[in-house]
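Worksheet: one structure, shown below.
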Amino acid sequence: MNSICTGPLPAAGLSRRTFLSRFGMGLGGLALANLMKPASLFAATTGADRGMLGGQLHFPAKAKRVIYLFMAGGPSQLETFDYKPLLNQRHGEQLPDSVRMGQRLTGMSGNQSSLPLAGPFCKFGQHGQNGTWVSELLPHTAKVADELCVVRSLYTEAINHDPAITFLQTGSQISGRPCIGSWVHYGLGSDNENLPSFVVLITPGKVDQPLYARLWGSGFLPSQHQGVQFRSGNEPVLYLNNLDGIAPASRRLMLDRLKELHAHAADKLGDTEIDARIGQYEMAYRMQSSVPGVMDLSSEKPETFELYGPDSRKPGSFAANCLLARRLAENGVKFIQLYHQGWDQHGGLPKGIAVQCKETDQASAALITDLKQRGMLDDTLVIWGGEFGRTSYSQGKLAADNYGRDHHPRCFSMWLAGGGVKGGMVHGETDDFGYSVTKDGVHVHDFQATLLHLLGVDHERLTYFSQGRRFRLTDVHGSLVKAILA
C-alpha cells in the first residue's frame, strides 16, 4: 500500500474521502466522485449555480419557476371544486357500506355510531368556456377558471396531517427526505446569485396544525438547498442584519477570513458540507442588499394592491405574500412556497371555510391575473391545494346549519395554472358521493413527477446517493399525468 500512496496513511482526523483523494495520485477521489456525483463537490469551481444537471435539462422545460400555494389542513373539495348534488339530496342519510367498502377512518370519527352524509351548505356554478364547477365561496377564482386545470382525482396514502403534508412535500411520509423545492434547487440551480433559489412564506397567526421547518428542509441533500423563510417586519430573514456598530467593510473582512478558515478545513477533511456553509455565508452577505429591495412593496401601483385586495397592504397576510411571490419570481427565485394554515374544519365548517376562502380567494386569482398581464404565466407554474380531502359524511353531530368533515385521503382536489398546463379543464372524476376516485386517479408521486417534468426534469433521473442507495423525490413510483400537459 505504501508504495503507491502519495500521502500518509489516514490519521484520526482524516476522512475516508480525503484519504481516497490522496491515494493513487488522486484517482481514488476521482472514482469516488464519479460514483457519488454530488454537485456540491464541484460547486466552488463551477461559477454560476447551474445545479446538478449543469443546465442540461432532460427535455424542454415549460415552466421556469413554481409558486406553490399550500393550503395546510386539508381544504374540503366538497365546498370548493368537486360539486356533488347527491349529497344535498341525501343529506342526513347514512354513508352506504357499499361506498365506504371498509376504508379506514381516523380515531376522530371512526367510533361514531353513525356517519350521516352532509350536503355542502354553499352553492356551485359553472364558469369559463368549459363550464368548470366552482363554489360560490371562490368568486374571484371562478373568474380565472379558463386558466385553471382542476384535478379532482388526487389521492394519498396518509390519513393524518403530519405524514400527509410530509408526503406531499418530500415524497415520503417519514421525515428526513428533501422537499420538492430542495430537489428543484439541487437539480436546476439558481437564476439569481443574490437571492435564494427556494423561498418560503407563511401566513402568521394560524397554528391549528403546526408547520415544521423540515417541510422546506434539504434532508440528506447539502444544506444550501434548503428553503429560506422570509418574514414580514424589519428582519425578513432571521440573523441576516449586521449587529449595531458593525460596518459593511468589517463584515466583508470577517467573511473573507472565515472563508479562508473553512477552505483550510475543507481541504483537510473533504467535508462537502463545509463548502455549502461557505456558500451560505456569501449568499447571506449578498442578501443584505437584495432582500430589502424585493421586500419593499412601496413601488407597486395602487391598481396592483386593488387587484390583490385590501389585505395586500398588510405585511405577512396571504395577499401580501402572493404579491411578494410575484416579485420574487420576477427576480429569479425558482421555487416559492406559500403556506396558509387553518383549513382543518372538523367542526364549524360552514363558518370556518368561508373565512379561509375569503382570505385566499382574491389574492390567488390576482396572482394568476398579474402574472398573465406581465407575460409570466406561460412559464410560471402556479399550484393551489392541501395535503388531503375531507369526508362526505359529517364528523360529530350534523345540524341544520353546522357540520364538520374528517380527514379523507381517497380523493381531493387541486388546481394548477400556467407553466405548460392546459387551462380551462377538469382532470379526473370521483363517485357521486365524493368518496372515491372513479377515473384518472393522480397519486401524490404522479403529481410530483409531473411538476418536475414541467421544469424539464425526468423524475427518475434526478437522484442523490445517500445511505447506500440512490434516492429521488418520487421514491420508486410516479407516472407523468400527460392529459393535463399543454
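The values are calculated or read from the model by the stated rules, or taken from the named source; none is laboratory data. Computed from a prediction, not measured in an experiment: that's the story for all the values here. Cβ sites come from the backbone with ideal geometry, for glycine too, and all protein chains shown count toward neighbours.
Yes or no: residue 359 of a type in the set (Asp, Glu), surrounded by 24 or more Cβ atoms within 10 Å (Cβ to Cβ), at pLDDT 95 or above and in the same structural domain as residue 105 (by TED's automatic domain parsing)? No: the conditions fail for residue 359.
Of the residues 337, 345, the single one that is in a loop (DSSP other than H, G, I, E, B) and in contact with a strand residue (DSSP E or B) (Cβ under 9 Å, 6 or more places away or on another chain) is 345. Residues of region 98-115 that are exposed (fewer than 10 other Cβ atoms within 10 Å of the Cβ) and at pLDDT 95 or above: 98 alone. The residue that is surrounded by the most Cβ atoms within 10 Å (Cβ to Cβ), counting only those in region 390-439 that are among the small types (Gly, Ala, Ser), without any contact (Cβ under 8 Å) to a residue 60 or more places away in the chain and closer than 25 Å to residue 97 by Cβ, is 404. Taking the criterion of being assigned to a helix (DSSP H, G or I) and of a type in the set (Gly, Ala, Ser), the residues of region 350-379 that qualify are 352, 354, 363, 364, 365, 366.
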